[in-house]
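Heads up: the structure comes next, in structure tokens.
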Amino acid sequence: MSTKEGEGALTAEPKGHHYDATSITVLEGLEAVRKRPAMYIGDTSVRGLHHLIWEVVDNAVDEALAGHCDDVAVTIESDGSLTVRDNGRGIPVDMHATMKKPALEVVMTTLHAGGKFDNASYKVSGGLHGVGVSCVNALAETCSVEVLRDGKLYTQSYVRGVPTGPMQTAPADRKDKGSGTMVRFKPDATIFETTDFHWDTIAARLRELAYLNSGLTIHLKDTRTGKSTDYFAKGGIAEFVRFLNTNKETLHAKPVVFSRERDNVSVEVAIQYNDTYAETLLSFVNNINTIEGGTHVGGFRSALTRTLVNYANREGHTKSLKADIGGEDVREGLVAVISVKMQNPQFEGQTKTKLGNSEIKGAVETVVGEGLREHFEENPSVARKIVEKMIAAARAREAARKARDLARRKTILDGGSLPGKLADCAWDNPEECEIYIVEGDSAGGSAKQGRDRRFQAILPIRGKILNVEKARIDKILANEEIRSIITALGAGVKEEFDLAKLRYHRIILMADADVDGAHIRTLLLTFLFRELRPLVENNHVYIAQPPLFLVKSGKEEIYCYDDKEREEAIARIGKKNVMVQRYKGLGEMNPDQLWRTTMNPETRTLVRVTSEDAVEADRIFTILMGEQVEPRRQFIEENALAVKNLDI
């Protein structure tokens with residue numbers, strides 16, 4: 001990471017300080033972790049499972065932040081365990097004065113025991129407000145740790161947090177030089193809903209860490225599949241911004257990058273604008289991805305808006321503008337990464353998604369204001385392009401406001417009048433209600449007749465909706481089909497969006513199982529991800545899975561969802577007069593068949609749409625739906641062989 005002088009004092013180990021047992025401060029015991037795991041890791045679902053990995057990896061990266069580690073390896077083992085290895089100093093192993101046992105055992109078996117609390121061993125730490133490796137140990141069926149220090153190898157094993165014996169010491173192998181820590185744990189299947197580690201989730205986090213810690217190499221390997229990759233980013237967050245802008249047309253060739261220190265807080269920012277209409281802002285505190293933002297994001301946005309508006313006014317760019325410039329205008333097409341490194345961060349929530357330190361807002365605001373002003377003075381052409389984009393956005397937003405006002409007078413967007421083609425449900429509790437967005441009148445007719453009218457609503461849409469990837473909000477709101485969807489859902493759009501007003505907690509996309517159906521699904525998903533993303537982030541969006549085949553012989557009928565199921569059904573019936581019907585469209589099914597196969601909660605299959613890796617999701621939508629043709633052609637060529645059930 002390239003910062004101005006002073007950062008070394010922030011991250012390096014103080015002179016004369018030794019990282020040993022005296023560094024390990026004990027706050028409290030482990031008793032309640034296994035009894036109430038959700039209190040410590042957020043939940044026991046997929047998210048909580050992967051939180052265990054972050055706790056161990058963050059410790060390794062903290063060693064890198066302190067200047068003692070440049071290589072971390074994460075391995076998903078074939079037996080369901082996971083290994084994290086680093087070449088840092090190694091967890092201290094000498095006897096702890098008050099606990100009367102080795103510091104290694106204290107760290108592994110005592111909650112909130114570590115070197116993060118004395119502000120001497122670690123000046124900056126991502127792991128401070130986590131629950132530590134001891135919590136990982138407590139929630140693991142088995143766990144083992146190896147520490148290489150001073151030419152010796154120290155090991156200890158645990159079962160559900162309890163040591164199986166005392167720490168063992170042996171001479172290190174000749175090839176094992178230097179120092180480091182290896183932690184291997186297998187999650188307890190009696191605690192977690194699933195113990196299956198997701199490659200994409202882990203890869204996304206490790207990729208972030210490599211960008212945020214230039215010079216750190218991170219290896220990821222999955223022994224289950226043989227897949228492996230390495231992450232190394234010499235260019236730091238500037239390289240991260242370039243990656244986020246892949247396949248997008250940027251307004252200026254080089255990212256605007258600056259970093260400064262204020263009040264012992266290191267602030268690093270990289271921004272680059274593109275010609276799209278979406279904002280991509282990633283914020284981090286001590287390498288922790290603050291997905292809910294916080295005071296540092298507030299400071300960044302305030303400074304960005306104020307600096308750009310002042311520059312535009314001073315240079316006379318706003319003379320003919322009849323609308324006020326708002327924050328959303330300034331952020332249209334913005335790609336930004338904010339990385340703050342500080343002591344004693346205060347995160348809201350155990351799993352650290354929002355920064356709460358009030359003093360950070362002013363520090364970030366000052367740094368961003370100074371950095372932007374200096375860059376604009378030295379690069380007026382960059383400033384002019386950004387300002388032109390901002391003014392065009394303000395004009396479009398004003399046009400959209402007028403369109404919304406007109407729509408309200410027609411009671412289109414205020415919820416006072418629902419779309420005429422919506423077949424609403426009888427119940428009014430959103431948590432119990434669901435809406436099927438169905439393409440085509442014939443499919444919509446079957447769905448309306450086959451549904452359970454108590455809790456299932458049907459909204460038919462005609463043809464392919466607008467591709468919002470290539471449109472501003474004024475054009476989006478002018479599209480009749482999109483307006484119908486927004487009105488039916490009831491939660492509004494853009495700055496007026498309110499999740500509490502959502503009328504259905506399950507939004508189910510139902511389209512034909514052919515090329516056109518896939519395209520319509522992708523258009524709908526693009527709209528939801530770009531304009532109504534909280535619906536995706538809060539798990540409200542699903543894709544219906546209608547059957548592809550009906551295998552029938554006499555009165556025996558089997559619905560099949562892929563080629564394998566079809567072949568198995570034919571073999572199971574085992575008769576000569578077997579009829580196989582291929583459903584190309586939902587309209588080919590009568591209402592009763594559609595209910596039994598696709599809409600009955602007791603028998604249907606739904607695919608929930610999630611965004612575990614929002615960066616990768618953004619990249620895919622840009623490739624599939626963006627302006628550039630070449631990346632799309634390359635994507636099709638690379639994935640053509642994986643296509644199934646292609647309708648040609």
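Taking V337 and the conditions (1) closer than 19 Å to G293 by Cβ; (2) part of a helix (DSSP H, G or I); (3) of a type in the set (V, I, T), which numbered condition does it fall short on, given that it satisfies the others?
(2)
Anything in segment 418-466 that is under 19 Å from A491 (Cβ atoms) and small (G, A, S)? List them, or say none.
Answer for segment 418-466, where residues must be under 19 Å from A491 (Cβ atoms) and small (G, A, S): just A457.
Would you check which residues across segment 198-232 are among the aromatic types (F, W, Y), under 18 Å from R242 (Cβ atoms) and surrounded by fewer than 18 Cβ atoms within 10 Å (Cβ to Cβ) and list them? Spell out the reasoning first.
Taking segment 198-232 as the starting set, the residues that turn out to be among the aromatic types (F, W, Y) are 199, 211, 231-232.
Checking the rest, the ones that are also under 18 Å from R242 (Cβ atoms) come to 211, 231-232.
The answer is F232, and nothing else.
Just to confirm my filter: which strands (runs of 3 or more DSSP E) fall fully inside segment 513-627 and include at least 2 residues that are β-branched (V, I, T)? Walk me through it before giving the result.
Details: elements: 541-544, 549-553, 556-560, 579-582, 606-608.
Strands (runs of 3 or more DSSP E) meeting the threshold: 541-544.
Rundown of residues vs (1) of a type in the set (S, T, Y); (2) within 21 Å of the chain's Cα centre (by Cα); (3) farther than 17 Å from V57 by Cβ, yes/no style:
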{"site": "E208", "(1), (2), (3)": "no, yes, no"}
{"site": "T223", "(1), (2), (3)": "yes, no, yes"}
{"site": "G226", "(1), (2), (3)": "no, no, yes"}
{"site": "D230", "(1), (2), (3)": "no, yes, no"}
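Of E328, E348, which residue is touching a residue at least 60 places away in the same chain (Cβ under 8 Å) and of a type in the set (D, E, K, R)? Lay out the reasoning, then the answer.
Details: E348 fails: touching a residue at least 60 places away in the same chain (Cβ under 8 Å).
Just one listed residue meets the conditions, E328.
Starting from residues that are aromatic (F, W, Y) and either part of a strand (DSSP E or B) or under 19 Å from the mean Cα position of the chain (by Cα) (or both), keep the ones in segment 272-284 and report whichever is farthest from A614 (Cα to Cα).
As a first pass, look at segment 272-284 and keep what is aromatic (F, W, Y): 273, 277, 284.
Checking the rest, the ones that are also either part of a strand (DSSP E or B) or under 19 Å from the mean Cα position of the chain (by Cα) (or both) come to 273, 284.
Values: Y273: 18, F284: 15 Å.
Residue satisfying both the conditions and the ranking: Y273.
Among the listed residues R608, R604, R633, R619, which satisfies the condition of being exposed (fewer than 12 other Cβ atoms within 10 Å of the Cβ) and under 30 Å from R47 (Cα atoms)? If you could, list the steps in order and put the result at the bottom.
Details: R604 fails: exposed (fewer than 12 other Cβ atoms within 10 Å of the Cβ); R633 fails: under 30 Å from R47 (Cα atoms); R619 fails: exposed (fewer than 12 other Cβ atoms within 10 Å of the Cβ).
The unique qualifying residue is R608.
For segment 262-271, indicate whether the set of residues that are under 21 Å from the mean Cα position of the chain (by Cα), at positive phi and in the same structural domain as R395 (by TED's automatic domain parsing) is non-empty.
Checked against the condition, which is being under 21 Å from the mean Cα position of the chain (by Cα), at positive phi and in the same structural domain as R395 (by TED's automatic domain parsing), segment 262-271 yields no hits at all.
Restricting segment 45-67 to residues that are assigned to a loop (DSSP other than H, G, I, E, B) and surrounded by fewer than 19 Cβ atoms within 10 Å (Cβ to Cβ), which is modelled with the lowest pLDDT?
Result: G67.
Kindly provide the set of residues from segment 340-384 that are closer than 21 Å to F240 by Cβ and in a helix (DSSP H, G or I), ordered by number.
Of everything in segment 340-384, those that are closer than 21 Å to F240 by Cβ and in a helix (DSSP H, G or I) turn out to be I360, V364, V367, V368, G371, L372, H375, V382.
Let's see how each residue does on (1) surrounded by fewer than 18 Cβ atoms within 10 Å (Cβ to Cβ); (2) modelled with pLDDT under 95; (3) closer than 24 Å to V257 by Cβ:
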| site | (1), (2), (3) |
| --- | --- |
| G349 | yes, yes, no |
| K352 | no, yes, no |
| S358 | yes, yes, no |
| V368 | no, no, yes |
| L372 | no, no, yes |
| V382 | no, no, yes |
| I386 | no, no, yes |
| A394 | no, yes, no |
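When residues of segment 170-212 are filtered for being without any contact (Cβ under 8 Å) to a residue 60 or more places away in the chain and of a type in the set (V, I, T), how many remain?
Of the residues in segment 170-212, 1 are without any contact (Cβ under 8 Å) to a residue 60 or more places away in the chain and of a type in the set (V, I, T).
Which residues, counting only those in segment 589-627, are among the acidic types (D, E) and either modelled with pLDDT under 85 or within 22 Å of L334 (Cα to Cα) (or both)?
Of all residues in segment 589-627, those among the acidic types (D, E) come to 592, 602, 612-613, 616, 618, 627.
E612, D613, E616, D618, E627 - these are the residues of segment 589-627 that are among the acidic types (D, E) and either modelled with pLDDT under 85 or within 22 Å of L334 (Cα to Cα) (or both).
So which residues in segment 423-451 are touching a Phe, Trp or Tyr at 6+ places or on another chain (Cβ under 8 Å) and assigned to a loop (DSSP other than H, G, I, E, B), if there are any at all?
Of everything in segment 423-451, those that are touching a Phe, Trp or Tyr at 6+ places or on another chain (Cβ under 8 Å) and assigned to a loop (DSSP other than H, G, I, E, B) turn out to be C425, A426, W427, C433, R451.
The values are calculated or read from the model by the stated rules, or taken from the named source; none is laboratory data. Here the structure is a predicted model, which means the values were calculated and not measured. Quick reminder, even Gly has a Cβ in these numbers, built from the backbone with ideal geometry, and neighbours come from all protein chains shown.
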